[in-house]
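All remarks here apply to the structure that follows.
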Amino acid sequence: MWNLSFTGWRFSGNLPLRIGEVCVLTVNLPTQETLDVAAGIVRWMRGEGYGVETLVIDDESRQDMDQYVCQPVEDKWIAFRSRRAARREIKKRTEISEGHAARTRRSLWDQDS
């Protein structure tokens, strides 16, 4: 399998499929889940590559696919937000520190005058 989405699949292999043919797919994900597509239709062929549109998939397989596809995106979004918050906190602390340094310089300047 080369890619997957909620609407279809791209995979390759020496398979006897034809454009327009309805097929059943069982896909083993790297996470050990198995997705069962009750009906898919072959939309294109290129050599040993196929594009299959999902017609019918059971709820459990759809949930497993949703977890497989969306979790990495959600994890990246959470990590991004965390890094962004950390950068904002550093910037805030830097501004506070610079403000304190400027006030200290002014105070020392005033004492020397």
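Backbone N atoms of the range 44-58 closer than 15 Å to the 7 Å Cα→Cβ label point of Leu15 belong to residues 44-57. Extension gain for Thr7-Ile90 works out to 25.6 nm (0.36 nm per residue, less the C-alpha to C-alpha distance). Suppose R0 equals 30 Å. What FRET efficiency, 1/(1 + (r/R0)^6) with r the Cβ-Cβ distance, do Met45 and Gln67 give to the nearest 0.05? Using R0 = 30 Å, I get an efficiency of 0.50.
Bear in mind that the values in this text are calculations on the coordinates, not laboratory data. If you're wondering where the values come from, they're calculated on a predicted model, not measured in any experiment. Note that we place each Cβ from the backbone using ideal geometry, even for glycine, and neighbour counts take in every protein chain shown.
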